[in-house]
1. Looking only at residues that are surrounded by 14 or more Cβ atoms within 10 Å (Cβ to Cβ) and at pLDDT 90 or above in segment 31-47, which one is nearest to K148 (Cα to Cα)?
2. Could you tell me how many of the residues in segment 162-185 are over 24 Å from Q227 (Cα atoms) and crowded, with 16+ Cβ neighbours inside 10 Å?
3. Considering every residue within segment 62-69, establish whether at least one is aliphatic (A, V, I, L, M) and outside any strand (DSSP E or B).
4. Mind counting the residues in segment 238-247 that are assigned to a strand (DSSP E or B) and either of a type in the set (V, I, T) or surrounded by fewer than 17 Cβ atoms within 10 Å (Cβ to Cβ) (or both)?
5. Considering only segment 146-175, state which residues are part of a loop (DSSP other than H, G, I, E, B) and more than 24 Å from K64 (Cα to Cα).
6. When the residues of segment 150-175 are filtered to those that are modelled with pLDDT under 95 and of a type in the set (D, E), which remaining residue is farthest from N209 (Cα to Cα)?
7. Have a look at K214, K229, K245, K190 and point out the one that is within 11 Å of P160 (Cβ to Cβ), free of Cβ contacts under 8 Å to residues at least 60 places away in the same chain and not aliphatic (A, V, I, L, M).
8. Quick one: L91 ticks every box in (1) crowded, with 16+ Cβ neighbours inside 10 Å; (2) at pLDDT below 90; (3) not polar (S, T, N, Q) except a single one, so which number is it?
Amino acid sequence: MITLSRKPIYILVAVFLIALNLSSCEVIKKQVGLGGDKDIPLGEYIGIATPLNTEEEPEATEVKISFLPKESGFKDAIGILVFDNTSDRFLWRSDGNNNNIWNIMFKKDNTIYSNLKDSFEFSGVIKSSDMKNTLEGKLTRIIDEKEKLYYFKTSQIFQPKIESPETPIAVKAGEDISINATKIDPEKIKILMSPMEGEAEPQEMAITNTILEKGVHTLTLTSSKDQAKGKYKISIDRDDGEKSKPIIIEIK
């Protein structure tokens, strides 16, 4: 009979327990949304659809695409396409790098309640960033056995945001001002300050330092030494034209 010393047995038991613990952690992660496949950014994408196979000058029309969440255990999920004065339900499926880019496919859900002579299929790409999510691709639509092709270009755009400070910001002229902002690229924004009273033109403030932590940008601004006392509005203009709501600061 072969006998094992206690030390190898302890090692085997320890390895088994560690493996069991790790597998349990993965299950828990998936249950709370920290592990497993990550869905595409859900919600409504708005943009334009441009005809491709037409001899006439292509005329773009508005299109809206809404993606609803997947039910647990299902590969396909439901979405809604609003296009060409119609609203249709579709089934969508995706795969990607589990971070910021996905292949996306959907096709019309032809139930008994839909027009079976009207169908469509879409194939494209979703890209995700802090400032916007984009969806682009080609839709093939068949109406009464006639095929039409469209190129969809849609997006979800997020406005820049200055977080409300816990306590009112009040500094002396020439002192630094610190604000926290999200949905921005510090190199592609303008910080504008304008007085609460009067009609003076907004002044652009220089950004002297930036720190990024957990998606929040802490921006350091320098006020002018000859800045008049009073209350001012500070806002962010992003280079794509999106603007933040202002916050109020005081120069003492």
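1. Ranking the qualifying residues of segment 31-47, first place goes to G47.
2. Matching residues across segment 162-185 total 3.
3. The first filter runs over segment 62-69 and keeps only residues aliphatic (A, V, I, L, M), leaving 63, 65, 68.
Narrowing the set further to residues that are outside any strand (DSSP E or B) leaves 68.
Yes, some residue in segment 62-69 is aliphatic (A, V, I, L, M) and outside any strand (DSSP E or B).
4. Taking segment 238-247 first, the residues assigned to a strand (DSSP E or B) are 238, 243, 247.
The next check asks that each one be either of a type in the set (V, I, T) or surrounded by fewer than 17 Cβ atoms within 10 Å (Cβ to Cβ) (or both); those that pass are 243, 247.
Qualifying residue count for the region: 2.
5. In the first step, residues of segment 146-175 are kept if they are part of a loop (DSSP other than H, G, I, E, B); the result is 158-160, 163-168, 172-175.
Of everything in segment 146-175, those that are part of a loop (DSSP other than H, G, I, E, B) and more than 24 Å from K64 (Cα to Cα) turn out to be E163, S164, P165, E166, T167, P168, K172, A173, G174, E175.
6. Result: E166.
7. Details: K214 fails: within 11 Å of P160 (Cβ to Cβ); K229 fails: within 11 Å of P160 (Cβ to Cβ); K245 fails: free of Cβ contacts under 8 Å to residues at least 60 places away in the same chain.
Among K214, K229, K245, K190, only K190 is within 11 Å of P160 (Cβ to Cβ), free of Cβ contacts under 8 Å to residues at least 60 places away in the same chain and not aliphatic (A, V, I, L, M).
8. The one condition L91 does not meet is (2).
The values are calculated or read from the model by the stated rules, or taken from the named source; none is laboratory data. Keep in mind the model is a prediction, meaning the values are calculated, not measured. Positions of Cβ are generated from backbone atoms using ideal geometry, with glycine treated the same way; all protein chains shown enter the neighbour counts.
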